[in-house]
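Visitor: Handing you this structure, nothing more for now.
Rule-based calculations on the coordinates, nothing more; no lab input. All values reported here derive from a predicted model rather than from experimental measurement. Please note: Cβ atoms are built from the backbone with ideal geometry, for glycine as well, and neighbour counts cover all protein chains shown.
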Amino acid sequence: MTDWREMTNDKKQDMLVLVKEKFRLPPSADFWTLKSIGKKWRNWKSALKAKYYNPNESIESQINNRDQQILKDQWRNLLAYWSLEETNMKKLGHLPSRVDMFEHCYTDSNGNPGNDDVTATLQALKEKVSQLPPGSNDDVGRNDAFAQVFGEDNNGRVRMYGLGVTPSDKWGNVPSRNTCQRIVMEQKAAISKMEDKFAEQDQQLKDQAKELAELKAMEGDWVDIFSLFDPTKCLAIGRLQGIDPSKVVGGQPLGPCWCEILVQIVVERNEQLIRPYGLLQTIEDALGVQEGLKKLTINDQDTALPENDSKEDDFQDSPVLEDNDRDVSTPNNLPRA
């Protein structure tokens, strides 16, 4: 037996007796119990088919490849039934739609409807199918031809699929209207926040570009060097040499957001350098100017000697100081070298 509808009432009553020997059920639960048994029976057949049945092999070659709980004759009937299903599916050319299922369930072996209501319903269903675009199939879905005639499926059931199959099993959960509105509002808020963040970043980039352009124009000018921790505290005075991030200074590239300054006047001698530069530790160590000396270019950690000067006039190159962590401004009343 391959169809639950072919199960005789005697066998169904025997099943109820077995169930009631183990569970206390009211008489009103008989109908639901039989439907539940039918569902589990179909699920069992489905699991057997997925595990043991191969449509590309003959029935005889699969007789012995079965679960030991199944009798050989029953297994042969199941294999024959599944083989016929495969044949019918190939004839359709696609998976059966709910219209196909309805026609199969409510017509006899010759395809004749059981009554006038079935005839009218089949005509409405086939009219909906005929309105599909050429070459498309009436795939099972929330708005297939069957749903357009019978209406939307209720929660907990997909018509033509029997007990236990729910809409969420077939096409996933669909959020409620309030949930959709909440999701839309959350997405709009997230997009607005992201746009504000992009606008802020864009403005920061513009400000940085403006600052770099101003610093570029100041190359060679006198600048004050202020403390990173106390913006009111002037540490030294020097000349801005450049802001090229690829230039090697102190053995490593200058990098973005840094500028090269040649220290010429020290104000706070013991202030620590913000960035390592060879053996230099303090602003006083970075002093690199004597009266009448040429301007030196900082390019490594080696000691630089001005032309025509003796070794007694040795001095080391000045280190790199970060420009965006301290104020760098051109003094108005500094003496010019």
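Visitor: Please state the shape class of segment 20-151: rounded when a/c is under 1.5, otherwise prolate if a/b exceeds b/c and oblate if not, all from the C-alpha gyration tensor.
Guide: oblate
Visitor: Listed highest first by mean packing, meaning other Cβ atoms within 10 Å per residue, what order do 95-102, 277-284 come in?
Guide: Descending mean neighbour count gives 95-102, 277-284.
Visitor: Show me the ranking of peptides 25-31, 48-54 by mean Cβ neighbours inside 10 Å, starting with the highest.
Guide: So the peptides 25-31, 48-54, ranked by packing, come out 48-54, 25-31.
Visitor: When Cys259, Cys234 are ordered from fewest to most other Cβ atoms inside 10 Å of their Cβ, what list results?
Guide: Taking fewest neighbouring Cβ atoms as first place, the list is Cys234, Cys259.
Visitor: I've got another one for you. Quick check on my link table: of Lys20/Lys170; Lys40/Lys170; Lys40/Lys128; Lys11/Lys72; Lys49/Lys126; Lys22/Lys170, which ones sit more than 29 Å apart, alpha carbon to alpha carbon?
Guide: As for pairs spanning more than 29 Å Cα to Cα, those are Lys20/Lys170; Lys40/Lys128; Lys49/Lys126; Lys22/Lys170.
Visitor: Please state the shape class of segment 97-172: rounded when a/c is under 1.5, otherwise prolate if a/b exceeds b/c and oblate if not, all from the C-alpha gyration tensor.
Guide: Oblate is the answer for segment 97-172, as a/c is 1.5 or above yet b/c matches or exceeds a/b.
Visitor: If each residue's Cβ is checked for other Cβ atoms within 10 Å, how do Thr8, Thr107 rank with the fewest at the top?
Guide: Thr8, Thr107
Visitor: For each of Asp73, Asp144, count neighbouring Cβ atoms within 10 Å of the residue's Cβ, then give the residues from fewest to most.
Guide: Asp73, Asp144
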